[in-house]
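The values are calculated or read from the model by the stated rules, or taken from the named source; none is laboratory data. All figures in this text were calculated on a predicted structure; none of them were measured in a lab. Please note: Cβ atoms are built from the backbone with ideal geometry, for glycine as well, and neighbour counts cover all protein chains shown. Only protein heavy atoms, including side chains, enter the accessible area calculation; ligands, DNA and RNA are left aside. Shrake-Rupley method; radii C 1.70, N 1.55, O 1.52, S 1.80 Å.
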Amino acid sequence: MFESSRQPRLLVLWCPDWPVHAHAREARLPADAPAALIEKNIVLACSPAARAEGVRRGMRQREAQARCPAVQVLRYDPALDSRAFEPVLTALEGALPGVHPLRPGMLAVRARGPARYYGGETAAALALLGTLAELGVPSARAGIADGLFAAERAARWSAPGSDAVTIVPAGETGAFLAPLPVGLLEDPELVSLLPRLGIRTLGAFAALDEADVAARFGPLGARLHALAAGRDPRPATPRIPPRDVDAVVDFEPPLARVDQIAFGMRTASERFLDELLDQRLVCTALRVELFGADGESTDRVWLHPRSFTAAEVVDRVRWQLDAIAGELRSPVARVRLTPETVDPVGAHERGIWGTGPDEGVHSGVSRVQGMLGHGGVGTAVPAGGRMPADRQQRVAWGDRPVLTRDPRRPWPGAVPPPYPATVYEIPRQISVEDVRGAQVSVTERGVLSASPAVIVSPTGSRRDLTAWAGPWPLEERWWDASSARAAQRFQMVDAQGEAWLLVLDARGWWAHGRYD
């Protein structure tokens, strides 16, 4: 089988059950306590002690608690995973260069450098596992192979009680991957189809003709076919960690006026960004910490769609001072600026014709935001949901979106496209009547009391209906009384040719959108 000589030799470190470990440590649980992470009433991950009692990923919370009454239920927080893994990354970056985080609990690094330093691949892997153990990461494992995909599979290959290091000899990646199941390709559509075609292992998939796979499954299928065959040229791209370039300004005597503090921050802001620029970095997320003369403090992380200038740093300090009126009981004695996130300067170079219009828009909007407050100016980003109004989320200008509803996840029962061109932020209450003038209702079994015939607006105007479809039931979060929702959805067309998305719930009929 053909093996690309250009494939990098990579070492992957994997921390099993990292989300459980991070959340249990945050909750100060004993290391051997049975614990389960819950997301949307489903077990997302569980500790070895919980698995020994029969708890499994994908179970409902109630079933998990029935199997293990002592299980500690923890609500999953994705940000906690990354936050807890950051000290581990920082410590490893001090021991070896080129650390490439794959996700919280897993990272990769080129194997060549550590192998030369420690005297072999096995010795390098064991040394790095020892470093993780000193950092409080239990039962970590290592895998070394040609290519990122195979190295990750090797790290996950070791069974409990076996060696913590799995090394795939150079040139034997295809043979190592061949008996593994096709489900490891992590493409739901392909993973569902291949077993129905009699292809259940990566080796069987790799044995197919490359041209035939590309013609049948397209570029994505061709790439997954190459991975199954052991051809993965993706490099381990090291992250650029934030450097220690904090800017601290002390005020003696402490200052209470915003304009005086902002003026005192101008030189420090310029020096702060110049130090980053000397390292070929720009700041895209900035933490501003304010300390009062009596010891109290407050901080906030400001995000930028591109990168901060000195004037924009001063603006953020001023806005934060305006926003925290009353939080600091005493005048400001110290301001600290910390680069929370940095990027290579090359990723933010100006275009060949400049970026004047974009900068003008950003400057103008930022000025308005300064007058109205941080949340006074926002933009909409796509989100997930079953109703059109749920499929957007408002984000303050300049902030990176932190989505509470991921649009990439499946949303069974969602209103199908095409979506209404006009979506009412506040639904409009209406009435839908039958030919006798009685309001149409729906039974618990989804049966209509009569066919809809007229839409009546709150002002009394009436529109005859020419067509309608539905009902489509919607029932969400029935287990949470504060956010539960049950309704019946309809699409209706009136005599004027306008189509409507209407919803009937316990409060009555509502117009949620209009199809233009």
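Observations
- Candidate set from region 103-140 (those that are assigned to a strand (DSSP E or B) and under 25 Å from the mean Cα position of the chain (by Cα)); member that is surrounded by the most Cβ atoms within 10 Å (Cβ to Cβ): Ala108
- If the condition is being over 37 Å from the mean Cα position of the chain (by Cα), surrounded by fewer than 16 Cβ atoms within 10 Å (Cβ to Cβ) and farther than 14 Å from Ser330 by Cβ, then region 251-272 contributes Asp259, Gln260, Phe263.
- Some residue of region 56-78 being among the acidic types (Asp, Glu) and over 22 Å from Trp479 (Cα atoms): no
- Counting the residues of region 272-301 that are farther than 22 Å from Asp322 by Cβ and among the basic types (Lys, Arg) gives 1.
- Restricting the first member to region 92-115 and to residues that are over 15 Å from Ala142 (Cα atoms), and the second to residues that are open to solvent by 40 Å² or more (accessible area, probe 1.4 Å) and assigned to a strand (DSSP E or B), the beta-carbon pairs closer than 6 Å and six or more apart or on different chains are Gly98/Arg110.
- Among the conditions (1) surrounded by 10 or more Cβ atoms within 10 Å (Cβ to Cβ); (2) touching a residue at least 24 places away in the same chain (Cβ under 8 Å), Ala438 misses just one, which is (2).
- Test result for Ala70, out of contact with any Asp or Glu (no Cβ under 6 Å at 6 or more places or on another chain), over 22 Å from Ala140 (Cβ atoms) and in a loop (DSSP other than H, G, I, E, B): yes
- Selected residue (criterion: surrounded by the most Cβ atoms within 10 Å (Cβ to Cβ)) from residues of region 277-293 that are at pLDDT 85 or above and either basic (Lys, Arg) or out of contact with any helix residue (DSSP H, G or I) (no Cβ under 8 Å at 6 or more places or on another chain) (or both): Phe291
- Selected residue (only one of Arg25, Arg57, Arg62, Arg9 is exposed (fewer than 15 other Cβ atoms within 10 Å of the Cβ) and closer than 22 Å to Pro101 by Cα): Arg25
- Annotation note: of Asp163, Asp146, the sole residue that is surrounded by 17 or more Cβ atoms within 10 Å (Cβ to Cβ) and acidic (Asp, Glu) is Asp146.
- Taking each residue of region 209-229 that is touching a residue at least 24 places away in the same chain (Cβ under 8 Å) and looking for partners that are assigned to a loop (DSSP other than H, G, I, E, B) with beta-carbon atoms closer than 8 Å, six or more apart or interchain, yields Leu220/Asp187; Leu224/Asp187; Leu227/Gly147; Ala229/Met1; Ala229/Phe2.
- Glu3 fulfils the conditions (1) farther than 22 Å from Arg103 by Cα; (2) at pLDDT 85 or above; (3) open to solvent by less than 50 Å² (accessible area, probe 1.4 Å) except for a single criterion, (2).
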